[in-house]
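Step one of this worksheet: look at the structure below.
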Amino acid sequence: MTHQPYLYDQQALLGLLTPLLITQLQEKGLAWLQQQQAKALISEGFQQWNLTFVALPRHAGKQTVVLADDQLAAMARLVPGFTPRHWPADRLARAWWLLQWPAASQEAYVRSISTLFHTGSMEELTALYSCLPLLAWPESWVAQTAEGIRSNIGDVLEAIMLHNPYPARYLPVPAWNQLVLKAFFTGKPVVEITGLQERNNPDLQQMLHDYAAERKAAGRTVDPQLSLLASQVLL
Amino acid sequence: MCCNPLSEQSLQPQAQEPLYLDKIKGMRFFDPHVHMTSRTTDDYQAMADAGVAAIIEPSFWLGQPRTGVDTFKDYFSSLVGWERFRASQFGIKHYCTIGLNSKEANNEALAEQVMEVLPLFMYKEGVVGIGEIGFDDQTALEEKYYRAQLNLAREAGLPVQIHTPHRDKKRGTQRSMDIALEHGLDPKMVIVDHNNEETVQEVLDRGFWAAFTIYPFTKMGNERMVALVKQYGSERIMVNSAADWGISDPLAVPKTAALMHESGIDLNDIHLVTYRNAITAFAQSGQINEADWESAAVVDQREKFNGSSILRGGQQPRVDKHNKIIR
């Protein structure tokens, strides 16, 4: 178990995100956010943190934030595999807000972030799962990630499955295998799964093999991407 | 219950699109009150085919009382989560209103807990009002929580969607409006729902929005609706289906538009009562942007999910209901 909230330099990441966020916000939005920040930092409990997390899209907007390659590289140096290449501004703003969430107490942190998951809208869930690699107390989010893979909301699944380094690093084999299988079942571009080859395993290959056989027995097509992981699958 | 005996003909499957769809081809509709949680995906498909571009799902009673706050919380979450996604699969933009309905306001211990979680949801994206709230039996507890939620709406600057009671309707409607004014709400922020011939005049005279629910047997019929629009015009009037778990019709708005068209009502008036007025009223929340559903169809393709079959770009997961073969 880890005994510090973050296993990466979260202040440095915050330092990279802050100027990005400023370019995305109108003057009014920036003033609002600074005010929310000041209020949250002196507040008791998490209500102020919750409300700001929920209301952020009103001020940040949904335009795609285009990041330069060197900006992406700098982020990936801090959090390996983290590449927010096509994020909307509100998701980036939510990431920035989450990085400041009080994290000293693991119990309080996990409880409050779990509340966000349990009451999340489609867009909030997408943001939260996209931010898994940034959350404090990283080992605490394994069950939540497995739960997210059970979702049938397309954007939520993509947020977990694609370009997200958290699952490959933290999920145990059974949950990882479910992630990959579900990506095939829901037609995701599996080559965009971070750690796809590194986490390949015999159990997964057996499942993919059976899956291909089942598809063929039903007279349905077999995804040619299956052969990336299970070379013995006959297409 | 009904006066319409089934004939052999009415039991035959429909081989073609119904004729009324021709009359409203190219028109777009906004149904500001429909409980899609209780409806099937077939309904979403039919609504999209009939031109329904966006809908509002008010929070309501699920047919039996809930016994704990967590089921309320999960219900509210589903309105901004799963149901929003389900609608998007058909290119329909899904908004909702959040509130404690009048029936369940009568369980005071539970109502107190529900009031505590409401702020978690009312500021969320796509939440366009507090609703549906108001009176059912017109008890003291219903009044207490109606008032409390009016205060929440006023503080948040959100429109209010009022459910007017079935029983003692006229006085219940008057009382709902009196109380809203007493709490300092601007009538233009309040949509009074489930009107009829007996309530509409006063609702309009006092500056509120008047919504009509086209719902067989118990609420408004669409022939009566045609007569009402002929009499009262289209200002501050809107039509909805309130389709739910009862015998109701999620196509009530497009069908009513077709009937209005057939009855010679001006196209602009039809547009106002089946689309524009509802948007104007609920957009006061700051949470409606028409570009949202213009882009919905594009986003939709990427989000599409279809059980165990794999979709390729542009492919519709559409089932031909008239085909005997299922693959």
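Return the FRET efficiency for the residue pair A:Ala31, B:Ser78: r is the Cβ-Cβ distance, R0 is 51 Å, and the value is rounded to the nearest 0.05. Write out the running numbers ahead of the final one.
On the way: r = 35 Å, r/R0 = 0.68.
Computed FRET efficiency for A:Ala31 and B:Ser78 comes out at 0.90.
Taking the full set of protein chains and a 1.4 angstrom probe, give the accessible area of B:Lys23 in square angstrom, rounded to the nearest 10.
Rounded to the nearest 10, that gives 80 Å².
Long-range amide H contacts for A:Trp137: which residues qualify at under 5 Å (H placed 1.01 Å from N, peptide plane, sequence gap of 5 or more or a different chain)?
Sorted by chain and number, the residues that satisfy this are A:Tyr6.
Please give the solvent-accessible surface of B:Asp249 in Å², to the nearest 10, using a probe radius of 1.4 Å with every protein chain present.
Near enough 40 Å² of accessible area.
Give the accessible area for B:Asp193 in Å² (nearest 10); use a 1.4 Å probe, count only protein heavy atoms, and leave out ligands, DNA and RNA.
0 Å²
Across peptide A:186-193, how many C-beta atoms of other chains are within 10 Å of each residue C-beta, on average? Working shown, then result.
Details: counts 8, 9, 2, 0, 0, 0, 0, 0.
Across A:186-193, the average partner-chain Cβ count within 10 Å equals 2.
Distance from the Cα centre of the range B:197-215 to that of the range A:168-222, in angstrom?
Measuring centre to centre over Cα atoms gives 56 Å.
Could you work out which residue, out of B:Arg224, B:Arg86, B:Arg147, moves most in a Gaussian network model of chain B, that is, has the largest mean-square fluctuation with Cα springs under 10 Å?
B:Arg224
What does the highest-first list of B:280-287, A:34-41 look like by mean Cβ count within 10 Å?
Values: B:280-287: 18.5, A:34-41: 13.9.
Averaged packing, sorted descending, gives the order B:280-287, A:34-41.
Between the DSSP loop rule and a limit of at most 15 other Cβ atoms within 10 Å, which trypsin sites (Lys or Arg not before Pro) in the range A:91-194 are left? If you can, show how the numbers build up before the last one.
Details: sites: A:Arg91, A:Arg94, A:Arg111, A:Arg150, A:Arg169, A:Lys182; in loops: A:Arg150.
Hits after loop and neighbour filter: A:Arg150.
Please report the spacing between the Cα centers of the range B:255-297 and the range A:87-101 in Å, no decimals.
If we compute the Cα centre of each part, the gap is 35 Å.
Per residue of B:79-89, count partner chain C-beta atoms within 10 Å of its C-beta, then hand back the mean as an integer.
Numbers: counts 1, 7, 10, 6, 1, 4, 8, 2, 0, 4, 2.
Rounded to a whole number, the mean comes out at 4.
Just how many % of Cα pairs in the protein assembly as shown lie over 39 Å apart, if you round to the nearest whole percent?
Numbers: 53964 of 157641 pairs.
Here the long-distance tail beyond 39 Å is 34 percent of all Cα pairs in the protein assembly as shown.
Express in whole angstrom the spacing between the alpha-carbon centres of the range B:97-141 and the range B:59-91.
13 Å
Once you list every other residue whose beta carbon is under 10 Å from the beta carbon of A:Ser121, what net charge do they have if Lys and Arg are +1 and Asp and Glu are -1?
Details: positive: B:Arg84, B:Lys124; negative: A:Glu123, A:Glu124, B:Glu125.
Around A:Ser121, the charge tally is -1.
For the range B:59-67, what does the Karplus curve 6.51 cos²θ - 1.76 cosθ + 1.60, with θ = phi - 60°, yield as ³J(HN,Hα) per residue in whole Hz, taken in order and with x for Gly and Pro?
My calculation for the range B:59-67 gives 5, 8, 7, 8, x, 8, x, 7, 10 Hz in order.
Can you tell me the relative contact order of the range A:71-167? Whole percent, Cα pairs under 8 Å, sequence separation 6 or more. Let's see the in-between values first.
Numbers: 72 pairs, mean separation 30.6, N = 97.
Relative contact order, the range A:71-167: 32 percent.
Using DSSP to define loop residues, name the trypsin sites (Lys or Arg not before Pro) in the range B:162-196 whose beta-carbon has at most 12 other beta-carbon atoms within 10 Å. Can you show the working numbers first?
On the way: sites: B:Arg167, B:Lys169, B:Lys170, B:Arg171, B:Arg175, B:Lys188; in loops: B:Arg167.
Listed in order of number, the matching sites are B:Arg167.
Per DSSP helix of 4 or more residues, -39500 (n - 2.57); summed, then divided by the residues of chain A. What does that give at 222 nm, rounded to the nearest 500? Mind showing how you got there, number by number?
Numbers: 12 runs with 138 residues, N = 235.
So the helix-based figure for chain A works out to -18000 deg cm²/dmol.
Once amide H atoms are placed 1.01 Å from N in the peptide plane, what residues at a sequence separation of 5 or more from B:Gly129, or on another chain, have their amide H within under 5 Å of its amide H?
B:Ile98
I need the phi-derived Karplus couplings for the range A:160-172: 6.51 cos²θ - 1.76 cosθ + 1.60, θ = phi - 60°, integer Hz, Gly and Pro marked x.
Along the range A:160-172, the couplings run 7, 7, 9, 6, 10, x, 4, x, 4, 7, 10, 6, x Hz.
Averaging sequence separations of C-alpha pairs under 8 Å and six or more residues apart, then dividing by the length of chain B, give the relative contact order as a whole percent.
Details: 546 pairs, mean separation 63.2, N = 327.
Over chain B, the number comes to 19 percent.
Got a sec to turn the phi values of the range B:241-248 into Karplus ³J(HN,Hα) couplings, 6.51 cos²θ - 1.76 cosθ + 1.60 with θ = phi - 60°, whole Hz, x for Gly and Pro?
9, 6, 4, 8, 7, x, 6, 8
Past 30 Å, Cα to Cα: identify those pairs from A:Lys28/B:Lys144; B:Lys23/B:Lys230; B:Lys23/B:Lys73; B:Lys23/B:Lys93, in the order given. Spell out each step's value before the answer.
Numbers: A:Lys28/B:Lys144 37 Å; B:Lys23/B:Lys230 19 Å; B:Lys23/B:Lys73 42 Å; B:Lys23/B:Lys93 23 Å.
In this structure, A:Lys28/B:Lys144; B:Lys23/B:Lys73 lie more than 30 Å apart at Cα.
Work out the mean other chain Cβ neighbour count within 10 Å for the residues of B:120-127 and drop it here as an integer.
6
Please give the peptides A:78-84, A:132-138 ranked by average Cβ packing (other Cβ atoms within 10 Å per residue), highest first, as a rough proxy for protection.
Values: A:78-84: 17.9, A:132-138: 21.1.
Ranking the peptides A:78-84, A:132-138 by packing returns A:132-138, A:78-84.
Are there GluC sites (Glu not before Pro) in the range A:156-235 that DSSP puts in a loop and that have at most 15 other Cβ atoms within 10 Å, and which ones? Spell out each step's value before the answer.
Values: sites: A:Glu158, A:Glu192, A:Glu198, A:Glu214; in loops: A:Glu198.
Qualifying residues, ordered by number: A:Glu198.
Amide H neighbours of B:Phe29 under 5 Å, counting only residues 5+ apart in sequence or on other chains, H built in-plane at 1.01 Å?
B:Val52, B:Ala53, B:Ala54
So which residues in the range A:39-63 end up with at least 50 square angstrom less accessible surface once the other protein chains are there, compared with the chain by itself, probe 1.4 angstrom?
A:Val54, A:Arg58
Quick one: order A:Val190, B:Val117, A:Val66 from most to least accessible surface, probe 1.4 Å.
Numbers: A:Val190 0, B:Val117 20, A:Val66 125 Å².
Output order, biggest surface exposure first: A:Val66, B:Val117, A:Val190.
How high is the relative contact order of the range A:10-136, given as a whole-number percent (alpha carbon pairs under 8 Å, six or more residues apart)?
Details: 90 pairs, mean separation 35.5, N = 127.
Result for the range A:10-136 is 28 percent.
The values are calculated or read from the model by the stated rules, or taken from the named source; none is laboratory data. All values reported here derive from a predicted model rather than from experimental measurement. Cβ: placed from backbone, ideal geometry, glycine included. Neighbour counts: every protein chain shown. Side chains are part of the model used for accessible areas, which takes the heavy atoms of the whole protein and leaves out ligands, DNA and RNA. Shrake-Rupley method; radii C 1.70, N 1.55, O 1.52, S 1.80 Å.
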